[in-house]
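J.: Sharing a structure here in structure tokens format.
Nothing in this text is a laboratory measurement; each read-out follows from the coordinates by a stated rule. Given the structure is predicted, the values throughout are model-derived calculations rather than measurements. When we count neighbours, we look across all protein chains shown, and the Cβ atoms used for this are built from the backbone with ideal geometry, even at glycine.
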């Protein structure tokens with residue numbers, strides 16, 4: 001009876017997962033079509049021929065295991081003007097890569113109170129935490145709310161609150177001392193308190209109302225040092241005090257740390273310049289890029305249980321890196337694959353769909 005129960009349980013779980021990934025494939029197709037339409041407005045010469053579409057369909061089935069992954073491969077190809085082997089579609093990444101790389105403990109980065117402790121990173125702007133109804137400092141010393149207020153605002157006139165598992169500008173609060181008195185902390189899940197980051201002037205000239213974010217994606221193969229494999233920038237808009245899902249402008253970053261030609265907004269429209277500052281993107285060199293890459297690789301080597309990590313960082317006014325957060329649960333790669341990919345040719349990720357494939361540690 002126990003064996004039958006476990007078999008049925010596995011079948012139900014597999015059926016539910018397949019339905020979920022079917023839905024995700026439909027969502028990916030919608031996104032892919034938006035990107036294709038937006039790109040063709042700028043580059044009509046990038047339209048795929050019927051032969052190219054059939055070739056990409058065949059590649060998706062033979063190399064990635066399903067035609068579900070073809071729409072995003074087509075979108076990548078239209079954006080870059082050619083098809084390239086080795087691209088990782090976003091729905092393939094979710095279905096086959098993340099379960100085999102970061103494993104069951106992949107959501108550890110959602111617990112913001114643990115990041116500084118695990119990584120031993122002095123370049124995080126954390127001032128303290130609110131955990132299970134308790135205020136505490138970065139060294140876990142307990143405080144009353146009054147003591148927390150006194151400490152936080154002795155360090156900075158304004159604080160940033162980010163709730164656990166928040167993303168894309170949600171669960172974000174900017175508080176001064178008066179706001180703190182009326183802050184209904186008990187209504188929120190656990191959160192981190194950070195000092196505001198003063199970004200380098202190079203980034204501030206695009207928009208001064210929010211802090212830009214550089215996403216550096218590092219991969220650590222078995223038994224090897226972590227390596228940066230992709231990067232992209234997120235810029236905000238004037239009048240918005242954070243980079244949100246609806247206001248963000250995503251720009252690819254080349255291996256040498258230069259901005260790509262276009263930004264992509266939340267509707268996947270292409271633009272050659274920031275719509276507010278009118279600064280053109282292409283070829284601009286990010287300050288501190290190499291230093292930030294090396295630092296993220298070093299941090300990844302400290303947390304060697306995760307194969308892929310997305311680091312959200314920025315170069316500050318003191319010419320040092322500030323680590324805003326790390327992402328192990330869903331370190332998205334779609335924007336970097338669109339703009340500068342394929343970025344993960346050195347991995348075995350394109351093989352992970354195959355149930356007969358066994359990962360072997362390589363020396």
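J.: Rounded to a whole number, what is D in µm²/s for the range 150-189 from Stokes-Einstein with the Kirkwood radius over alpha-carbon pairs (37 °C, 0.692 mPa s)? Working shown, then result.
T.: Working: Rh = 11.0 Å.
Answer from the Stokes-Einstein relation: 298 µm²/s.
J.: Per the Kirkwood definition applied to all pairs of different Cα atoms, how many angstroms is the hydrodynamic radius of the chain? Spell out each step's value before the answer.
T.: Working: mean 1/r = 0.0453 Å⁻¹.
Mean inverse Cα-Cα distance, inverted, gives 22.1 Å.
J.: Same structure, new question: Packing-wise, with mean Cβ within 10 Å as the measure, how do 23-34, 191-202, 89-100 rank, highest first?
T.: Highest mean packing first, the order is 89-100, 191-202, 23-34.
J.: How far is helix 70-80 tilted off the main Cα axis of the chain, in degrees rounded to 10, range 0 to 90?
T.: With both axes taken from Cα atoms, the answer is about 80 degrees.
J.: Compute the Kirkwood hydrodynamic radius of the range 1-156, taking the inverse of the mean of 1/r over all pairs of distinct Cα atoms, and give it in Å to one decimal. Mind showing how you got there, number by number?
T.: Values: mean 1/r = 0.0497 Å⁻¹.
Computed over the range 1-156, the radius equals 20.1 Å.
J.: Peptides 275-288, 55-68: what's the order by average Cβ count within 10 Å, highest mean first?
T.: Packing order, densest peptide first, comes out as 55-68, 275-288.
J.: Starting from the Cα of residue 114, step 7 Å toward the Cβ, then list every residue of the range 276-305 with an amide N under 20 Å from that point.
T.: The answer is 299-305, whose backbone nitrogens lie closer than 20 Å to the label point.
J.: Tell me the relative contact order for the chain as a rounded percent, counting alpha carbon contacts under 8 Å between residues six or more apart.
T.: Once normalised by length, the contact order is 19 percent.
J.: In addition: Angle between the Cα long axis of helix 145-155 and the longest principal axis of the chain, 0 to 90 degrees, nearest 10?
T.: That works out to roughly 80 degrees.
J.: Take the alpha carbon atoms of the range 116-145, find their center, do the same for the range 52-105, and report the distance between the two centers in whole angstrom.
T.: When both Cα centres are located, 40 Å separates them.
J.: Between residue 107 and residue 16, 0.36 nm times their residue separation minus their Cα-Cα distance comes to what?
T.: Numbers: separation 91, 0.36 × 91 = 32.76 nm, distance 2.07 nm.
Contour length minus Cα-Cα distance gives 30.7 nm.
J.: Considering the Cα trace of the range 126-194, what is its radius of gyration and what is Dmax, both in angstroms?
T.: Looking at the range 126-194, its Cα Rg and Dmax stand at 11.0, 30 Å.
J.: Now a separate question. Taking the Cα atoms only, what angle lies between the long axis of helix 2-42 and the longest principal axis of the chain, rounded to 10 degrees?
T.: Taking the Cα atoms of the chain, the angle to 2-42 is about 90 degrees.
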